[in-house]
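Encoded as structure tokens, the structure appears first; notes follow it.
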Amino acid sequence: MTTSSTASPALSFDYRDEGLVFGPDFVFGSATASYQIEGAFNADGRGPSIWDTFSKTPGKVWNGDTGDVACDHYHRLEEDLDLMQKLGLEAYRFSISWSRIQPTGRGPVNETGMAFYERLVDGLIARGIKPLATLYHWDLPQALEDEGGWTSRDTAYAFADYARLMGERLGNRIAGWITLNEPWCSAYLGYGSGAHAPGRTNDVEALTAVHHLNLAHGLAVKELRAVVSADAEIAVTLNLHVFRPEGETGPEALRRVDGLANRLFLEPMLNGTYPADVLADTAGITAWSFIHDGDTQLICQPLDFLGINYYSTNRVRIWDGKGERTNADGHKPAPGTAWPGAGMVEFLPQPGPYTEMGWNIDPAGLEDLLVSVHERWPDLPLMVTENGAAFADEVVTGADGAPAVHDVERTDYLHRHFAAAHRAMQRGVDLRGYQVWSLMDNFEWGYGYSKRFGIVRVDYDTLERTPKDSALWYSRLIAERVLRAG
Ligand code: IFM
């Protein structure tokens, strides 16, 4: 897997192309996730998830923020649906809170929780917006974590049951199903570095979680296929990492981290095998005996598209043991490591500019990534299921006296990444659509409410929504299908 091009012919351009045309079938949308926006953490029978527990554990989340209220989307559904329609979204990617449906992760449906998603999906369809549903965006029911979470094989089977149940109830209305969002984060940040819920820091557990998440994906695809409409698409979303190797040791560093971050998911899911070199690299940590006979065949299910989340790039080499070591992997601070068995890899600071997350802005990385995945799996359609940027927005009073946010940097970021996606399509990539992260400002995990990714501003005191200039720019792009500067 070469998500790792050193240089692409595109690097000399600034990606501020204008006039690029997107065809009528390209699906413009926006994305959110349940814990990040819904709030209503204990309403109508919802059970606790690992993020409820983690966010309420002192010191885990910036400022002690939690998702208890978040954007209160649960109670403001109609207003948010109207907003999506006003912006002209063609698709909306949301995630389902497992513990709203099955409060303990198993057992009968909590009908009030299900009714919320039925209202959401029906409301989207009534407004001509395609529902794209993610089954798992990190909010594991706490009861399942208490039984071992993703280190337990049973969790994969419980997930498959939940997937079937959702397929039975919504399978005739969802245009696209996404089993998992970014299993890399669930496994390595949840069980390795401890930056995310459940906050464990154990290399063996992180690698075990990788396999059980892969297995959960495969089992869920099988269950969904059995019950959803024939025209519903089924996919998974991966946050594939783009690594740029630095110096002589760069290629070896790249092989190691590309193996952990990308190939450990892509290869079982798309080829039905685990990468032998990664199993060998990590043999000192685990013998991988949790992979049972037949698992890789189960994991490898035909997919209708692959969802790719992209934000920035990494520069890597093997640490030479001299001087001060940098560790700019973009997922710090954390008590443990997100890179089991790859402690010798040094993440070098990237040249700027940066977003408010400290992540470098590199649209060429998106073009490189889409092209490299396409070259490896030419028949697999792709969709950008997340891309966007956090900036410190300022609210001003607009000409009409109403609040306004002139988020020039976010608009420019989106413009350049849409240009990169367009160029990838010109190079043959079958890219089906693009879901901007995020529809609205929300709970940014360990960073709480300190980082704003929304194209719509949320005032966390009044919960008022204000479309930022980036939202107005996006609305125009969707209407005209021609890329222009902000
Ligand atoms: O907010 C997250 C989202 O939940 C998953 N992908 C990355 C986003 C920005 O960090």
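The condition (being open to solvent by 10 Å² or more (accessible area, probe 1.4 Å) and closer than 17 Å to G167 by Cα) is satisfied by just one residue among R106, R93, R76: R106. Taking the range 297-311 as the range and being crowded, with 23+ Cβ neighbours inside 10 Å and either away from the ligand (no atom under 16 Å from the Cβ) or hydroxyl-bearing (S, T, Y) (or both) as the test, the residues that pass are I299, Y310, Y311. Here's a check for you: in the range 133-148, which residue that is touching a helix residue (DSSP H, G or I) at 6+ places or on another chain (Cβ under 9 Å) and part of a helix (DSSP H, G or I) is farthest from the ligand (Cβ to nearest atom)? It comes out as A143. Taking the range 55-82 as the range and being within 14 Å of the ligand (Cβ to nearest atom) and either in a helix (DSSP H, G or I) or among the hydrophobic types (A, V, I, L, M, F, W, C) (or both) as the test, the residues that pass are S55, V61, W62, A70, C71. Filter the range 29-51 down to the residues that are in a helix (DSSP H, G or I) and buried (at least 21 other Cβ atoms within 10 Å of the Cβ), then identify the one that is farthest from the ligand (Cβ to nearest atom). Checking each candidate, the answer is I50.
If the condition is being assigned to a loop (DSSP other than H, G, I, E, B), surrounded by 10 or more Cβ atoms within 10 Å (Cβ to Cβ) and acidic (D, E), then the range 395-409 contributes only D407. Taken over the range 91-125, the criterion of being free of Cβ contacts under 8 Å to residues at least 40 places away in the same chain and at positive phi is satisfied by G107 alone.
In this entry, W177 is excluded by the filter for residues that are in a helix (DSSP H, G or I) and either in contact with an Asp or Glu (Cβ under 8 Å, 6 or more places away or on another chain) or within 16 Å of the ligand (Cβ to nearest atom) (or both). Assess whether F418 counts as being aromatic (F, W, Y), part of a loop (DSSP other than H, G, I, E, B), buried (at least 19 other Cβ atoms within 10 Å of the Cβ) and under 20 Å from the mean Cα position of the chain (by Cα). Taking the combined requirement at face value, the residue does not satisfy it.
So, H241, is that one within 23 Å of E267 (Cα to Cα), within 16 Å of the ligand (Cβ to nearest atom) and buried (at least 21 other Cβ atoms within 10 Å of the Cβ) or not?
So H241 fits the description; yes.
Looking at this structure, is I129 modelled with pLDDT of 95 or more, more than 16 Å from the ligand (Cβ to nearest atom) and of a type outside the set (K, R)? Taking the combined requirement at face value, the residue satisfies it.
Just for strands (runs of 3 or more DSSP E) wholly inside the range 423-486: which have at least 3 residues that are closer than 29 Å to P378 by Cα and not small (G, A, S)?
On the way: elements: 431-437, 456-458, 465-467.
Here the list reads 431-437.
Based on this model, can you work out whether P335 counts as open to solvent by 40 Å² or more (accessible area, probe 1.4 Å) and closer than 22 Å to Y188 by Cβ? The answer is yes for P335. If only residues of the range 344-374 that are open to solvent by 50 Å² or more (accessible area, probe 1.4 Å) and farther than 28 Å from Y136 by Cα are counted, the one that is farthest from the ligand (Cβ to nearest atom) is M344. Among the residues of the range 410-436, just one is closer than 15 Å to A390 by Cα and either of a type in the set (S, T, N, Q) or without any contact (Cβ under 8 Å) to a residue 24 or more places away in the chain (or both), namely T411.
Give Y447, Y474 a once-over and let me know the one that is closer than 22 Å to Y310 by Cβ, touching a helix residue (DSSP H, G or I) at 6+ places or on another chain (Cβ under 6 Å) and in contact (Cβ under 8 Å) with a residue 60 or more places away in the chain.
The unique qualifying residue is Y447.
Consider the range 387-409 and keep the residues that are hydrophobic (A, V, I, L, M, F, W, C) and free of Cβ contacts under 8 Å to residues at least 24 places away in the same chain. The one that is nearest to the ligand (Cβ to nearest atom) is V396.
Looking only at the range 434-470, how many residues end up being open to solvent by less than 10 Å² (accessible area, probe 1.4 Å) and more than 12 Å from the ligand (Cβ to nearest atom)? Counting residues in the range 434-470 that are open to solvent by less than 10 Å² (accessible area, probe 1.4 Å) and more than 12 Å from the ligand (Cβ to nearest atom) gives 6. Got at least one residue in the range 423-433 being within 16 Å of the ligand (Cβ to nearest atom) and of a type in the set (K, R)? No: zero hits. From the list F13, F26, the one residue that fits, being at pLDDT below 95 and either surrounded by 16 or more Cβ atoms within 10 Å (Cβ to Cβ) or of a type in the set (K, R) (or both), is F13.
The values are calculated or read from the model by the stated rules, or taken from the named source; none is laboratory data. Because the structure is predicted, anything quoted here is derived from the model rather than measured. Methodologically, a virtual Cβ is constructed for each residue, glycine included, from the backbone with ideal geometry; neighbour enumeration extends over all protein chains shown. Ligands, DNA and RNA are excluded from the accessible area calculation, which covers all protein heavy atoms including side chains. Shrake-Rupley method; radii C 1.70, N 1.55, O 1.52, S 1.80 Å.
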